[in-house]
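> Provided herewith is a single structure, encoded as structure tokens, for subsequent inquiry.
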Amino acid sequence: MDWLSPQEWDAVALSLRVALWATLASLPFALIAAHLLARCSFPGKQLFNGLVHLPLVLPPVVTGYLLLVTFNLEAPLGQALSRVGIVFAFNWTGAALAAAIMAFPLMVRAIRLSIEAVDPKLEQAAATLGASPFWVYVTVTIPLILPGILAGSILAFAKAMGEFGATITFVSNIPGQTQTLPSAIYAFLQVPGSEKSALRLVVIAVFIAMGALLLSEVVSRRVARRIGQT
Amino acid sequence: MSLSVSLTHRLGDFALDVSFEAPDGVTMLYGRSGSGKTTIVNALAGLIQPDAGRISIGNVSLYDSKAGVSLPAHKRQVGYIFQEGRLFPHLTVQQNLTYGKWFASRREARADRSKIVEMLGIGPLLNRRPDGLSGGEKQRVAIGRALLARPRLLLADEPLAALDDARKDEILPYFERLRDELDVPIVYVSHASAEVTRLADTLVVLENGRLVRAGPATEVLSDPGVTPLGAGAAGVILEAQVVAHHDDGVTEVVAGGIPLLLPQMQASVGAHLRLRIEAQDVMIALARPQEISALNVLPATVAALRMGDGPGALVQLRSGKNLLLSRVTRRSVEALGLREGKPVFAVLKAVSIPRGAIGDIPKG
């Protein structure tokens, strides 16, 4: 691929990797959070709801700063994690963490709405047919909320691809290590004569985003047909 | 195996306090909406936890508040046919049918899938999805799904209420076959009198969470003090057996030792069937009427009397082993001097056979 410079290619590859990991890693937590919000009532639920949605309303730079304060190598948590080999600060994993946290509310929201749309009467019917709560969840609930899970995941992936403020604050903008697509575009725009590099990345960003949207449309339509919600 | 139920449950202003026995066959829970019927079946299925009481099938205890027993819904082996079908939209008809089997692997293989599919006539639907089925088809699949989970008790909560009349006629015969061919008790919730007269073996009449009367349907329906279907629709059901078809198109049956003549019907000699005799179709005469068109004039004695609030009265008559109800005016009661024990003649203007109700009546 010589139409992209190594630095540009690195940024694209890193962004895809960061977005993919951010999406996959936050999915189980998003399922749990969505389930708690949709189905359970517990003291402090509103506070929990607020915390989940906080990244959506906080300035991204604030989220990035809080992550930096929590996970830098001098902080207790950062130190503890580095002892077991997990380093977030100024590492691509940190970019994934920042992207995951920023995308989390969107994913939870999509899954929560789909859980709320599931008719509990179907789950009761499954129970009377002998399915334990675990199997009811696996054979009825999950298939019925699959469109929500997919929509949430693709939305989160797109959000993670575009995450800039928290990422650059938390893990900086090191080419080849933490320089994601948006950070690279920003960096190229700061250097006179690099407008063409920026433009190429902008085109790629547009294509990836459009591709994700189209894919989500096709997949969710197919899943909806499969589960009879057409 | 018979089901034994005793429950108390409080929900806001509503208090349920009932106990009854449901032997094999169809036990109909009958009452207005809000009388607690659905609460009872949900408690039987384990979908709600009653405040106190006991539920057992044979010697298996499903719930016993004193002993601290409460089997969760998925361990009760109770088949539940819901009003709205509740088929799984993401599974095909075939997968819906076999859903219960995934969890029943260790149970004895009692239910025969192809037999049930054939009986319900759902073979051609197996590869379709629930959203493409008609209301009646959905309900037939729901019946099959509940049966294939090999239940030891079958619950049906107004399974016909969401269907139009034509679909009701389509589904009712299947419940009659279930009643006659299955050896599990069926608890059936309804407030439709047609379902009561066609299906009920045992009738449990509820009002505001309390038991009004429970017992064999023939007995409860012939009690002038209960009239669960409303005084205007009062009437009895008789179990009869075809004796002969006469050349002039009249069929002779015998019910409770008393011969009755009916317009000819499609039933072979020896077949059991259920007759419905409305209280408004029974007249009372003190002497055997001569030269009258009615075919059935039965000697009877007055067994009980119930004066209505208005001009009407209900008279319970005993003829052979049968109990009949007659709806007359209070004026007639006085004019004829009706009182308990008085010998009279019952003139039957009409005897109807609930449609499709021809078949073997289960013994016991």
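The values are calculated or read from the model by the stated rules, or taken from the named source; none is laboratory data. From a predicted model like this one, the values you see are computed outputs, not experimental measurements. Neighbour counts run over all protein chains shown; Cβ positions are idealised from the backbone, glycine included. Accessible surface areas use protein heavy atoms only, side chains included; no ligands, DNA or RNA. Shrake-Rupley method; radii C 1.70, N 1.55, O 1.52, S 1.80 Å.
> Quick one: which bits of the stretch A:188-230 get at least 20 Å² less accessible when the partner protein chains are in, versus the chain alone, with a 1.4 Å probe?
The answer is A:Arg226, A:Ile227, A:Gly228 - residues whose exposure falls by at least 20 Å² when every protein chain is included.
> What percent does the relative contact order of the stretch B:104-187 come to when contacts are Cα pairs within less than 8 Å and at least six residues apart?
34 percent
> Quick one: length gained pulling A:Leu58 to A:Ile142 fully straight, 0.36 nm per residue minus the C-alpha distance?
27.1 nm
> Check which residues have an amide H placed less than 5 Å from B:Ile258's amide H, if you skip close sequence neighbours.
Under 5 Å from the amide H of B:Ile258 lie the amide H atoms of B:Lys321, each far enough along the sequence or on another chain.
> Let me see the pair-distance distribution of the protein assembly as shown: every alpha carbon pair, 10 Å bin width, integer percents in order.
In whole percents, the pair-distance histogram is 3, 14, 18, 17, 13, 11, 9, 6, 4, 3, 1, 0, 0.
> Sticking with this structure for a sec: Need one number: nm distance between label points at B:Glu334 and A:Arg225, each 7 Å from Cα along Cα→Cβ, rounded to one decimal.
So the label points at B:Glu334 and A:Arg225 sit 7.7 nm apart.
> In nm, give the distance between the simple-model label positions of B:Asp131 and B:Glu219, each being 7 Å from the Cα along the Cα-to-Cβ direction.
5.1 nm
> Provide Rg over Rh for chain A; use the alpha carbon set for both Rg and the Kirkwood Rh (inverse mean inverse pair distance).
1.04
> Rounded, prolate or oblate: pick one for the stretch B:208-319, where a ≥ b ≥ c are the square roots of the eigenvalues of its C-alpha gyration tensor, a/c under 1.5 means rounded, and failing that, prolate if a/b is larger than b/c, else oblate.
Oblate, because a/c is 1.5 or more while a/b does not exceed b/c.
> Something else now. Could you give me the ³J(HN,Hα) list for the stretch A:94-110, computed from phi with Karplus coefficients 6.51, -1.76, 1.60 and θ = phi - 60°, whole Hz, x at Gly and Pro?
In residue order, the calculated couplings are x, 4, 5, 4, 4, 5, 4, 5, 5, 8, 3, x, 5, 5, 4, 4, 5 Hz.
> How high is the relative contact order of chain B, given as a whole-number percent (alpha carbon pairs under 8 Å, six or more residues apart)?
16 percent
> For an R0 of 45 angstrom, estimate the FRET efficiency from the Cβ-Cβ distance between A:Gln79 and B:Leu11 and round to the nearest 0.05.
0.25
> Right, another one. In nm, to one decimal, how far is the B:Lys115 label point from the A:Val202 one, both placed 7 Å along Cα→Cβ?
Each label point is offset 7 Å from its Cα along the Cβ direction, giving 7.5 nm.
> What chymotrypsin sites (Phe, Trp or Tyr not before Pro) in the stretch A:1-47 are in a loop by DSSP, with at most 11 other Cβ atoms within 10 Å of the Cβ?
Passing sites in the stretch A:1-47 are A:Trp3.
> Give a quick list of trypsin sites (Lys or Arg not before Pro) in the stretch B:1-69 that DSSP marks as loop, anything other than H, G, I, E or B, with at most 13 other Cβ atoms within 10 Å.
Qualifying residues, ordered by number: B:Arg32, B:Lys66.
> Here's something else I'd like to know. Lysines near A:Lys196 by alpha-carbon distance under 26 Å, same-chain residues fewer than 8 away left out - which ones?
Answer for A:Lys196, where 26 Å is the Cα cut-off: A:Lys159, listed by chain and number.
> A further question follows. With an 8 Å cut-off on Cα pairs and a minimum separation of 6 or more residues, tell me the relative contact order of chain A in percent.
30 percent
> Taking only Cα atoms and a 10 Å spring cutoff, compute GNM fluctuations for chain A and point out the largest among A:Gly94, A:Gly78, A:Gly165.
Between A:Gly94, A:Gly78, A:Gly165, it is A:Gly78 that shows the largest mean-square fluctuation.
> Near B:Ser19, within a Cβ-to-Cβ distance under 12 Å, what is the net charge of the other residues, with Lys and Arg +1 and Asp and Glu -1?
0
> Lys and Arg at +1, Asp and Glu at -1: add these up for the other residues within a Cβ distance under 10 Å of B:Ala161 and post the number.
Here the charged neighbours net out to -3.
> Over the protein assembly as shown, with every protein chain in place, what whole percent of the accessible area is carbon and sulfur at 1.4 Å, could you tell me?
Carbon and sulfur together cover 57 percent of it.
> How tilted is helix B:135-148 with respect to the longest principal axis of chain B? Cα atoms for both, answer in degrees (0 to 90, nearest 10).
Helix B:135-148 sits at roughly 70 degrees to that axis.
> At 1.4 Å probe size, with every protein chain present, just tell me what the per residue accessible area of chain A comes to in Å².
Using a 1.4 Å probe on heavy atoms only, each residue of chain A averages 51 Å².
> What's the center-to-center distance, using Cα atoms, between the stretch A:76-114 and the stretch B:245-319 in Å?
82 Å
> Residues of B:71-77, mean number of Cβ from any other protein chain within 10 Å of their own Cβ, rounded to a whole number?
Across the residues of B:71-77, the mean count of other-chain Cβ atoms within 10 Å is 5.
> On a 23 Å Cα-Cα criterion, which of the cross-link pairs B:Lys168/B:Lys321; A:Lys121/B:Lys75; B:Lys168/B:Lys349 come out too long?
B:Lys168/B:Lys321; B:Lys168/B:Lys349
> Let me ask something additional. Mind running the shape call on the stretch B:82-206? Use the C-alpha gyration tensor, a ≥ b ≥ c as the square roots of the eigenvalues: rounded below 1.5 for a/c, prolate if a/b tops b/c, oblate otherwise.
oblate
> Net charge near B:Gln280, counting Lys/Arg +1 and Asp/Glu -1 over other residues with Cβ under 10 Å of its Cβ?
Result for the neighbourhood of B:Gln280: 0.
> Still on this structure, please answer the following. For the stretch B:190-198, take each phi angle, set θ = phi - 60°, evaluate the Karplus expression 6.51 cos²θ - 1.76 cosθ + 1.60, and give the result in whole Hz per residue in order, putting x for glycine and proline.
7, 10, 9, 5, 4, 5, 4, 5, 8
> Could you work out [θ]222 nm for chain A from helices alone, using -39500 (n - 2.57) per DSSP H run of at least four and dividing by all its residues? Round to the nearest 500 deg cm²/dmol.
The per-residue figure over chain A is -25500 deg cm²/dmol.
> Would you mind working out the magnitude of the charge dipole of chain B relative to its Cα centre, with +1 at each Lys and Arg C-beta and -1 at each Asp and Glu C-beta, to the nearest 20 Debye?
With only Lys, Arg, Asp and Glu charged at Cβ, the dipole is about 860 debye.
> A follow-up question, please. Using θ = phi - 60° and the Karplus curve 6.51 cos²θ - 1.76 cosθ + 1.60, what whole-Hz ³J(HN,Hα) does each residue of the stretch B:300-315 get, with Gly and Pro shown as x?
So the J values, rounded to whole Hz, are 8, 10, 6, 9, 7, 10, 9, 7, x, 6, x, x, x, 8, 10, 10.
> At a 10 angstrom cut-off on C-beta neighbours, averaged per residue, how do the peptides B:278-285, A:210-217, B:142-149 rank from highest to lowest?
B:142-149, B:278-285, A:210-217
> Moving to a separate point now. Highest GNM mean-square fluctuation, chain B, Cα pairs closer than 10 Å: which of B:Val344, B:Val117, B:Val269?
Comparing B:Val344, B:Val117, B:Val269 in the GNM, the peak value goes to B:Val269.
> When only the heavy atoms of the protein chains count and the probe is 1.4 Å, how do B:Lys349, B:Lys101 rank by accessible area, highest first?
B:Lys349, B:Lys101
> Which part of the stretch B:79-98 falls in the paramagnetic zone of A:Lys121, meaning amide N under 20 Å from the point 7 Å along Cα-to-beta-carbon?
Backbone N within reach: B:79-93, B:96-97.
> So what are the three principal axis dimensions of chain B from its Cα atoms, in whole Å, longest to shortest?
Reported extents, whole Å, longest axis first: 67, 51, 34.
> Among A:Ile111, A:Ile101, A:Ile32, which one shows the highest mean-square fluctuation when chain A is modelled as a Gaussian network with alpha-carbon springs under 10 Å?
Largest GNM mean-square fluctuation: A:Ile32.
> While we're on this one: Over both sides of the B-A contact, add up the buried accessible area with a 1.4 Å probe and give it to the nearest 100 Å².
Summing both chains' loss of accessible area gives about 1900 Å².
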